[in-house]
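Asker: Structure below; questions to follow.
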Amino acid sequence: MNNSAIGVFDSGVGGLTCVKELTALMPRENIIYLGDTARVPYGTKSADTIARYAREDISFLEKFNVKMILIACGTVSSVLMTRPLFDGSTVTEYSGVIYPTVTAACAATRCGKIGVIGTPATIRSGCYGKAIREIRNDIKVVSKACPMFVPLVENGYTDVNDKVARIIAEEYLEVMKREGVDTLILGCTHYPHLEGVISSVMGDNVRLISSGAEIAKYAERTLVSKGLAAEREERGTLDLYCTDSEELFSENVETFLGHKDNITVSTCSVK
Ligand code: DGL
């Protein structure tokens, strides 16, 4: 048993898709979330800049003596997949989104064609394809960068009937439909916020795999199997930090988590 908090970070509100799943799976855990809203998006930055940001985000979470850190950002997870981000860290349990997500996608596909959408940096890294081929080398991977999805989400254009989101989604996802993928990895943790639109464009037969949800399931499996899950009577707390104004962030929090009970939102500096 370990009652320390789980630390989660993302460049913005995207990682809340992981938090939502974590609180559903492990309601007794305390969670500390950092959204680096002052510097979002990460997906358009160089690998060195993303590495510097990620190290600062990790150092911020380490100050809370967290027992685990989840990199709920597809961009950090993929661009820095081979970099030793946690060397010298006090935190020994950590994960990015790639492996939990591709494991779920490989198990889900029936026709052997998996689509991957993500930020330009994630797609350029090719790391989802590489990770999929490590599990199954008979799978065809179709990738597409969707750079306008993150700004749509950060600015709240997420409704299933939103005309702008729909036009953009149709344009981006045309190749996925043409190639006949039956499983689509939402390789950026912002994208599940557009799940309604994406699903209505792709159709009911295509299974959407949320990287935020899969990393949360990985966290549960790991903490439970290692005896590190929290044990307390009451629900855990959720402390959210953002690096820019609390205003838009708080609005998004309510929209994306569906409530604001037992949640604190604060602005912080990670430098
Ligand atoms: N949620 C981030 C990701 O999963 C957003 C991307 C960005 O900051 O560009 O990649």
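Asker: If I filter the range 3-48 down to residues being assigned to a loop (DSSP other than H, G, I, E, B) and polar (S, T, N, Q), which single residue comes out as surrounded by the most Cβ atoms within 10 Å (Cβ to Cβ)?
Answerer: Looking at the filtered set, the residue picked out is S11.
Asker: Pull up the range 258-269, narrow it to residues that are under 22 Å from R39 (Cβ atoms) and not in a strand (DSSP E or B), then point me to the one that is least open to solvent (accessible area, probe 1.4 Å).
Answerer: Looking at residues that are under 22 Å from R39 (Cβ atoms) and not in a strand (DSSP E or B), I get C268.
Asker: Taking the stated definitions as given, is A104 in contact with a helix residue (DSSP H, G or I) (Cβ under 7 Å, 6 or more places away or on another chain), more than 23 Å from E220 (Cβ to Cβ) and surrounded by 14 or more Cβ atoms within 10 Å (Cβ to Cβ)?
Answerer: no
Asker: Restricting to the range 78-96, name every residue that is within 12 Å of the ligand (Cβ to nearest atom) and either under 15 Å from I6 (Cα atoms) or open to solvent by 10 Å² or more (accessible area, probe 1.4 Å) (or both).
Answerer: Residues satisfying the conditions are V79, G96.
Asker: Scan the range 36-49 residue by residue and report those that are more than 9 Å from the ligand (Cβ to nearest atom) and not hydroxyl-bearing (S, T, Y).
Answerer: Passing the criteria: A38, A47, D48.
Asker: For S11, indicate whether it is within 21 Å of L152 (Cβ to Cβ) and within 15 Å of the ligand (Cβ to nearest atom).
Answerer: Against the criterion (within 21 Å of L152 (Cβ to Cβ) and within 15 Å of the ligand (Cβ to nearest atom)), S11 qualifies.
Asker: Out of all the residues in the range 108-136, which are closer than 24 Å to H193 by Cβ, open to solvent by 20 Å² or more (accessible area, probe 1.4 Å) and of a type in the set (G, A, S)?
Answerer: Listed by number, the list holds a single entry, S125.
Asker: Considering only the range 188-209, state which residues are closer than 18 Å to G112 by Cα and either outside any helix (DSSP H, G or I) or in contact with a Gly (Cβ under 8 Å, 6 or more places away or on another chain) (or both).
Answerer: G203, D204, N205, V206, R207, L208, I209
Asker: Next question. Check Y172, Y157 and return the single one that is assigned to a loop (DSSP other than H, G, I, E, B) and crowded, with 17+ Cβ neighbours inside 10 Å.
Answerer: None of the other options fit; the residue is Y157.
The values are calculated or read from the model by the stated rules, or taken from the named source; none is laboratory data. Since the structure is predicted, the reported quantities are computational estimates derived from the model, not experimental observations. Note that we place each Cβ from the backbone using ideal geometry, even for glycine, and neighbour counts take in every protein chain shown. We work out accessible area using only protein heavy atoms, side chains counted, and drop any ligands, DNA or RNA first. Shrake-Rupley method; radii C 1.70, N 1.55, O 1.52, S 1.80 Å.
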